[in-house]
Every structure is written in C-alpha cells, then in structure tokens.
Amino acid sequence: MTPDSPLLGLSAEVAAARLAAEGFNELPLGKQRHLGVIVLEVLQEPMFALLLLGGLVYLLLGDRLEALLLLLFAGFSVGITLVQASRSEHVLEALRHLASPRARVIRDGALLLIEGRALVRGDVLVLAEGDRVAGDGEVIQAHELMLDESLLTGESLPVAKSLSAPNACVFAGSLVTRGSGLVRVTALGARSQMGLIGQSLNAISSEPALVQRQIRGFVRVFALIGGLATLLVILLYGLLRGSWLEALLSGIAIGMSLLPEEFPLVLAVFMAMGAWRISVARVLTRKASAIETLGATSVLCTDKTGTLTENRMAVCRLYTLPDAASVQAEDWADGAQQAPSPPQLKLLAVACLAAGIRNSEPMDKAIWLCGQAHLAAEYTHLQAQVPALSLGLQAGFLAVCHFFPLPDDTSFRVCAKGAVESLLPLCTLTDAARQAVYQAADALAAQGIRVLAVAETTSANTCAPPQSLAFTFLGLVGFKDPLRANVPAAIAECQGAGVRIIMITGDNGTTAQAIAQQAGLGVQRVISGAQLDAMSDDQLKQALAENPVFARILPAQKLRIVECLKAQGEIVAMTGDGVNDAPAIKAAHIGIAMGKRGTDVAREAAALVLLDDDFGSIVTTVRLGRRIWDNLRKAIEYIVAVHIPIAGMAFLPVVLGIPLILSPIHIAFLEMLIDPACSLVFEAETAEDDAMRQPPRNPKHPLINTRHLIWGALQGLVVFGLLVGLLLWGRARALPEDDLRVLVFTALVMQNAALILLNRSANASLKNALLRPNRALWILLSLVTGLMTLAILWPFAAELFHFGQLPLMHLGVCVGLSGVMLLVLERIKRRWFLAVKVL
C-alpha cells in the first residue's frame with residue numbers, strides 16, 4: 001500500500017498539524033453578537049441615546065423624579081431588547097450544534113468517528129446510507145452512491161455519484177440516501193461550496209426597517225419643533241414680562257411637553273414585545289424590527305422543497321394492468337376510500353422486494369411505508385427476504401434488480417424497479433398495452449408525480465444480465481413530495497391579505513407547477529432558469545406581475561428575482577431552508593429560514609427563523625406585523641394628540657400674561673400616564689377584526705399619513721379648546737391660582753385618559769372600546785386615579801404640585817368636559833376613518 005492509499009488515510013500527526021494550521025471545519029459566523037456587543041449596539045442607537053440624554057437633562061435641572069422615571073423606562077426597554085437578542089443567539093447556537101454532523105474517517109489505517117468540525121483537508125471520509133457529508137470532496141470509491149443535494153441545489157431527487165465526471169464530487173451538507181463510498185476531502189468550512197455562498201452574503205446589505213427610518217424622522221421633526229418653541233417662549237416671556245427666571249421655567253416646561261421621548265420608547269417596546277409574542281408561536285426573531293416589515297410585505301417568495309412540501313417521498317399512485325392483454329387500467333390513489341386491489345397489492349409487494357429492506361433512498365423508504373400500511377401480515381414476510389444478489393443502476397439501464405432464491409434452490413425470482421423507458425421494453429406486453437403504460441406515465445409526470453416501473457421474472461442463475469430476461473410488467477408506482485397540510489390555508493389567508501405568493505425552486509417545472517396548483521396558487525406560467533437568463537430586467541418585471549412559478553433556479557437567479565421585485569417597490573419576504581436560499585434571504589426585506597431543516601447559512605442570513613418549520617407560522621407573523629403597525633400608528637396619533645394640549649397649556653401663560661399653569665413637575669406627572677399608555681397599553685391592543693382582509697400598506701406611504709396626523713392634531717386641538725374654555729371660566733369666577741391649577745390639571749388628566757379610550761380602535765365603537773380586554777389599560781388607569789387622588793388630598797403632595805381645593809362641583813365639570821370631548825370626537829372618528837379607508 002502506498003502512503004496515500006485510501007485504506008491508510010492521513011496520519012494523526014498530519015491531521016493535527018493541518019487542523020492547527022487551517023482551523024476547524026466551521027462556517028464563518030460573521031459578526032459575533034455576544035452580550036457586550038449587543039449592549040454596545042443598543043446604546044449606539046440614536047433613539048436610546050436620546051432617552052438617556054433626556055434623563056440626564058432632567059437630572060441636571062434638578063427634577064430627579066422625571067429623570068429617574070425616564071432612565072427606568074430606558075433601562076426597561078434596553079433590558080427587553082438585550083434579553084430577546086441574547087435568547088435568539090443562544091437558540092441559534094443550539095441549532096448550530098444540533099445540525100453539526102459527525103464524520104467517519106480513516107487515519108493511520110483505522111476507522112475513527114470524529115466531530116465534523118475536526119475534519120481536515122486530505123482526510124478520507126467514509127460515507128454510508130444516512131450520513132450527512134461534513135465537507136466537499138472527490139469520490140475515490142463508490143458503490144451505488146446517491147446523495148440528496150436539495151439543501152444546496154433545491155433539487156429533491158437524489159443524485160448518483162461515480163468516479164467519472166461530472167458527478168465525481170460531493171458537497172458539504174448533502175445526505176447519503178443510498179450506497180456507500182470513500183471521499184478524499186478537498187474543501188472545508190469557508191472554502192466549501194456552502195461556505196462560499198455564506199461568504200457572498202457579506203456583500204449583500206440589509207435594509208433598515210421602514211418604521212425605524214420613519215420614527216427617526218418623527219424624532220428629528222419633533223426635536224426641532226421643541227427646540228425652536230423653547231427658545232421662542234424664553235425670548236417672548238423674558239422680553240414681554242421682564243422675568244428671565246420665569247421665562248426659563250416656562251421654556252423648560254414647553255420643551256418637556258414637546259420632547260419626543262415617547263417615540264423611541266414606543267419603537268423599542270413594540271419591537272421587543274412583538275418578538276416575545278411570536279416566540280410563543282415558535283418563531284425566533286433575530287431582528288425585532290423585521291416583524292413590522294413582514295406585516296407590510298406585499299410579495300412572499302417561497303422555496304418548494306422542505307418549505308411548502310415535507311421533503312419526503314410518499315407513494316401516491318399504484319397503476320396496474322390487470323390483464324397483460326388489456327388496456328383497461330386500475331389507478332389507485334393513496335388516501336382514496338377503496339383499498340388497493342389484488343393486482344395493486346402484488347405490485348406493491350414486488351416493489352418492496354425491489355426496493356431492498358436496508359435502503360434509505362427516499363423512494364424506497366416510501367414504498368416500504370406504503371407496504372406497511374396495506375400489506376398486513378405479508379409485510380413481515382417481505383422484510384425477512386434476503387436477496388442472493390443485488391444489481392444497482394448501470395449505465396444505459398436505469399433499474400435496480402434483486403435476485404431472491406426460490407424454494408427449489410435451482411432458480412431465482414428477480415424483482416426489478418426503475419425508469420419506465422428501461423424496464424418496459426423488457427416486458428411481455430402488447431403494443432396497445434405498452435402504449436397505454438407510456439401514456440399513463442406521461443400523465444402522472446404532468447401532475448408532478450415521479451414514476452417507477454415494477455416488473456418481475458425468474459432466472460435460472462444470477463449470471464444472466466437483466467437486459468436478457470423477459471419480465472412480467474406489474475405496474476407503475478407514483479411518488480410525490482407531499483404538500484404540508486396547512487399550506488393551502490396559509491396561502492389562502494396570505495392572498496386574502498393581499499400578499500402575492502411566488503414559488504422559486506430548484507426542482508423541475510412540472511413538479512413545481514403541480515405543487516403550486518395543490519397549494520392553491522393557480523399558476524398559469526412556469527419560468528425555467530434558462531428562460532430567466534434570457535430575459536431582460538424589463539421582461540422579468542413584466543413576468544413577475546403574473547405571479548409565476550420559477551423552476552430550475554440557481555442561487556444567483558433567486559437573488560436577481562428578489563432584487564427585481566425590490567426595484568419595483570415591493571416589500572419582499574423570502575423563505576427557504578437551503579444554502580442556495582441564503583443570498584436571497586438576506587437580500588429580501590425580511591428573510592425567513594427553517595429552524596429544523598435549515599442550514600446554518602440560511603439561519604444566519606434570516607431575520608426570522610421558524611423553529612418548527614411550519615409554513616403557517618408565516619401567517620401568524622404577517623398578522624402580528626399588521627397588528628404592530630396598526631397599534632404603532634394609534635400610539636403615535638395619541639402622542640400627537642396629547643402633546644398639543646400640554647404644550648398649549650404651557651405656552652398659554654405667555655400669551656395671556658398669567659402665572660404658569662403647568663410646571664416641569666406637572667408634565668413629569670403627565671408623562672407617567674403618557675409613556676406607559678403609548679407603549680405598553682397600545683402595544684397590548686388586539687388586532688383589528690379586518691386586519692387580514694386589508695391589502696398591505698403602501699410602502700410609499702409614511703407610518704402616519706397626512707390624514708392621520710390631522711386626526712391626531714384635531715383631537716389635541718379639541719382638548720386644548722375645552723381646557724382654554726375651562727381656564728377662562730375659572731378666571732371669570734376669580735378662582736385662586738392654585739385652585740385654577742388643580743381644576744385645569746385634573747381636566748387634562750381625565751381628557752388624556754379619554755384620548756386613550758378614543759384611540760384604542762379605528763373601527764370599534766366607543767362601547768366596544770370600553771369592553772375590549774386590555775389588562776394593561778385598566779391597571780394604568782387605576783394607578784393614575786390613585787396617584788391623582790393622592791396628589792389632591794395629601795397635603796404634602798398638594799403643596800408640591802401647588803394644588804388648591806377641588807370641590808365636587810369642579811370635579812363634576814372636569815368629568816363632564818371629558819365626556820363631551822369623548823362623544824364629539826367619537827362621532828368625528830366614524831366619519832373620518834370611513835374617508836381614510838379609501839386611501
């Protein structure tokens with residue numbers, strides 16, 4: 001034996017040296033997101049920095065209560081984000097270790113079982129049925145070796161490997177479904193085909209979420225308005241009234257009333273809590289902001305194998321000719337009411353023998369499962385049959401034959417299965433019957449069903465080549481990769497929500513079209529990879545408008561489809577599980593990977609990971625994304641509405657020449673109501689009844705369009721108008737300053753609570769809004785009521801807030817004004833949102 005003989009393999013010393021020099025057989029994980037890294041990422045966000053800066057400003061101003069409250073909210077939001085991000089990384093790490101294969105190698109002439117990460121270049125890898133290949137390599141020995149490369153290519157049919165090109169190579173991530181072989185490892189980790197695709201992801205940039213960009217815009221606008229208003233109030237107050245100290249206090253109050261601290265708080269809480277909510281549905285969120293983007297998705301590009309289908313073969317047809325001279329065929333479909341007929345049972349029994357009991361090839365496993373279901377006691381007898389000789393696929397003869405000794409020990413029963421074109425010419429059939437079989441095979445293939453012919457004969461010895469034998473044709477066995485049971489309903493709900501579904505697969509067009517029709521896509525056109533390459537970008541855009549199925553698609557072509565859809569202004573989601581899906585997953589606005597079957601590369605590229613590989617979970621995230629978007633819009637409308645009367649009452653004393661009604665401590669108290677309301681309360685609101693019957697939000701529209709901003713401003717102006725009227729009424733009655741302050745402030749708190757009730761739903765009536773469950777709302781209102789009562793009745797608090805007396809009559813006036821405001825705005829809301837629906 002030579003030193004490089006495959007029977008010797010590498011020496012332990014050489015393997016150790018290469019492992020030290022070239023590193024472990026692992027895919028590059030990209031940017032490590034340990035806890036410290038996550039903390040830095042969060043703190044570098046401008047929105048969180050604004051929260052912390054706001055708290056520092058209040059602390060410098062001596063308002064420790066508001067400073068502490070704001071910093072606590074900032075810490076709470078950061079904490080939720082850190083917990084969710086850390087949890088995501090831990091789960092991904094567990095998935096990564098779960099998917100890591102082990103490897104059998106020959107070193108120093110001995111067979112060793114090692115961790116896949118310890119494999120080195122030049123190792124002789126021993127492959128057997130059921131093994132997951134741990135590295136790229138060249139085949140140096142093969143016996144009926146077949147591999148499932150669907151994770152890499154998207155093609156679900158196993159590929160035969162031999163010493164002859166072009167099938168002399170195997171790739172990391174593929175699965176051995178049949179046979180055995182030896183492979184000399186040539187590439188590992190980042191240098192493997194899987195690793196190269198993973199590295200190409202670094203060139204693809206992920207886009208920030210739409211809501212994140214728009215919220216930042218709101219923050220900038222409100223911060224600018226607040227800053228200008230603060231300077232204006234200080235100047236006006238100082239110049240008109242000559243008291244610059246009071247001018248400074250008034251400016252601080254107006255600045256606090258307009259400080260946009262709620263915006264980053266709302267975004268952080270909504271995204272973090274949204275990620276937690278969908279985790280209950282077994283969906284891992286790697287990027288919390290992706291949830292709302294999915295809710296706005298207009299196109300969902302989905303893989304077929306392992307995503308829409310179960311990625312396993314199942315027998316779906318048993319086609320027989322009862323009489324060899326007849327063309328009247330029987331066609332049994334799996335799941336039909338009738339059991340298989342005797343000829344079909346015989347077909348199934350012979351197919352089991354032809355499959356081989358120790359085979360993990362998907363079609364053979366499907367035959368045995370079908371046999372177990374329908375052959376009863378005969379199934380156990382078949383399992384005990386041991387062939388004297390097994391002949392695998394041969395060049396020019398795509399069939400498998402097993403020779404079983406007969407009781408006379410002088411002859412053999414030959415059971416064969418294989419391609420129709422290989423076996424049928426060897427069968428004793430009339431021309432009419434043979435033509436009927438070919439037509440049946442073509443008809444099944446047109447339905448996306450893979451077909452094998454089954455035949456048997458006897459032979460005097462095992463030396464006779466199968467091509468020299470005369471077989472008896474028993475029938476055709478049809479296979480399909482079953483559609484996931486919940487896929488049709490999930491696709492129907494997506495389509496009802498206005499989300500277009502486009503299937504992109506590496507499988508053949510006939511199979512892809514059949515699966516698409518079963519799933520309810522109603523596809524009229526299938527575009528192959530070759531046809532796609534021949535299309536210009538304009539032609540591809542036109543073709544995409546037809547919602548076609550794309551078949552025989554390569555990774556670069558998937559990426560081109562996603563980029564083309566994005567160029568058309570679509571919000572694109574991409575699902576998949578294989579390495580070939582990863583570039584498109586990362587390029588899409590929202591990438592969704594399968595957690596169980598998905599590769600590390602796909603999971604690292606994705607924003608969402610379906611831990612149960614349940615396609616129906618996508619509908620859950622779409623629904624939740626829409627709920628988050630609607631509730632976020634309601635929260636921002638509320639923020640706009642509530643800040644107008646607060647800012648107005650802080651600004652009004654400058655105009656009227658009266659003492660300050662609201663000082664920083666009053667606004668701090670109001671923030672204790674506003675911050676939880678706009679974040680926790682609105683986040684907990686249930687989805688609108690018609691959330692999944694509305695088309696996706698136009699991606700060109702802002703988070704809040706002009707009508708919604710006007711609606712929020714209108715609410716604030718109505719509240720402000722009522723407060724001005726109340727203030728003038730109190731001054732007309734010559735109320736003392738402290739009595740007037742408690743009167744106006746109490747009315748403001750009550751109307752603030754009324755605004756929360758008003759904005760809970762865009763469609764529900766006021767009665768339904770009061771009855772809709774929301775535990776956070778009632779807890780908040782109870783706490784505010786208790787604190788307000790304490791502030792009025794406790795002398796120390798009343799002195800702190802500069803409150804006077806609040807007679808029951810004045811309290812009744814406050815309640816009445818809030819009720820009037822609520823009823824008036826409720827009537828306006830119904831008409832307003834009827835107009836908004838046309839947008």
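Scanning the range 813-827 for residues that are open to solvent by less than 20 Å² (accessible area, probe 1.4 Å) and modelled with pLDDT under 85 yields one hit, E826. Contact map, the range 512-541: first residue among the hydroxyl-bearing types (S, T, Y), second residue surrounded by 14 or more Cβ atoms within 10 Å (Cβ to Cβ) and assigned to a helix (DSSP H, G or I), Cβ cut-off under 7 Å, separation 6 or more or different chains; pairs are S528/G509.
When C463 is tested against (1) open to solvent by less than 10 Å² (accessible area, probe 1.4 Å); (2) without any contact (Cβ under 8 Å) to a residue 12 or more places away in the chain, exactly one condition is not met: (1).
In the range 730-739 there is no residue matching the filter, namely being among the charged types (D, E, K, R), touching a Leu at 6+ places or on another chain (Cβ under 9 Å) and open to solvent by less than 20 Å² (accessible area, probe 1.4 Å).
All told, D123 falls short of being on the phi < 0 side of the Ramachandran plot, at pLDDT 75 or above and under 34 Å from the mean Cα position of the chain (by Cα). In the range 727-755, the residues that are of a type in the set (F, W, Y) form Cβ pairs under 7 Å with partners that are in a helix (DSSP H, G or I) and surrounded by 14 or more Cβ atoms within 10 Å (Cβ to Cβ), at six or more places apart or across chains, as follows: F745/H666.
Summed over the range 783-812, the residues that are open to solvent by 80 Å² or more (accessible area, probe 1.4 Å), assigned to a helix (DSSP H, G or I) and not aromatic (F, W, Y) give a count of 9. Hey, does the range 281-301 have a residue that's open to solvent by less than 30 Å² (accessible area, probe 1.4 Å), modelled with pLDDT of 75 or more, over 29 Å from F615 (Cβ atoms) and not in a loop (DSSP other than H, G, I, E, B)? No, that holds for no residue. Against the definition (assigned to a helix (DSSP H, G or I), in contact with a Leu (Cβ under 6 Å, 6 or more places away or on another chain), modelled with pLDDT of 85 or more and open to solvent by 10 Å² or more (accessible area, probe 1.4 Å)), how does L714 come out, yes or no? No, not satisfied. Restricting the first member to the range 366-390 and to residues that are touching a residue at least 12 places away in the same chain (Cβ under 8 Å), and the second to residues that are of a type in the set (S, T, Y), the beta-carbon pairs closer than 9 Å and six or more apart or on different chains are W368/Y379; G371/Y379; A388/T462; L389/T462. Restricting the range 422-447 to residues that are of a type outside the set (A, V, I, L, M, F, W, C) and in a helix (DSSP H, G or I), the residue that is farthest from F471 (Cα to Cα) is D442. Could you check how many residues of the range 524-570 are open to solvent by less than 10 Å² (accessible area, probe 1.4 Å) and of a type in the set (A, V, I, L, M)? Adding up the residues that qualify gives 11.
When restricted to residues that are of a type outside the set (A, V, I, L, M), at pLDDT 75 or above and outside any strand (DSSP E or B), the range 159-178 contains 5. Of all residues in the range 302-334, those satisfying the criterion of being at pLDDT 80 or above, within 21 Å of P362 (Cα to Cα) and part of a strand (DSSP E or B) are T309, A314, V315, C316, R317, L318, Y319. Of the residues A677, A647, A687, A606, the single one that is under 25 Å from the mean Cα position of the chain (by Cα), modelled with pLDDT under 80 and buried (at least 24 other Cβ atoms within 10 Å of the Cβ) is A606.
Name every residue in the range 127-140 that is at pLDDT 85 or above and under 17 Å from S162 (Cα atoms), in order of residue number. Once the filter is applied, which keeps residues that are at pLDDT 85 or above and under 17 Å from S162 (Cα atoms), the range 127-140 yields L127, V133, D136, G137, E138, V139, I140.
The values are calculated or read from the model by the stated rules, or taken from the named source; none is laboratory data. Not measured: the values here are computed from a predicted model. Ideal geometry is used to build each Cβ from the backbone, glycine not excepted, and the neighbour counts take in all protein chains shown. Surface accessibility is based on the protein's heavy atoms, side chains included, excluding ligands, DNA and RNA. Shrake-Rupley method; radii C 1.70, N 1.55, O 1.52, S 1.80 Å.
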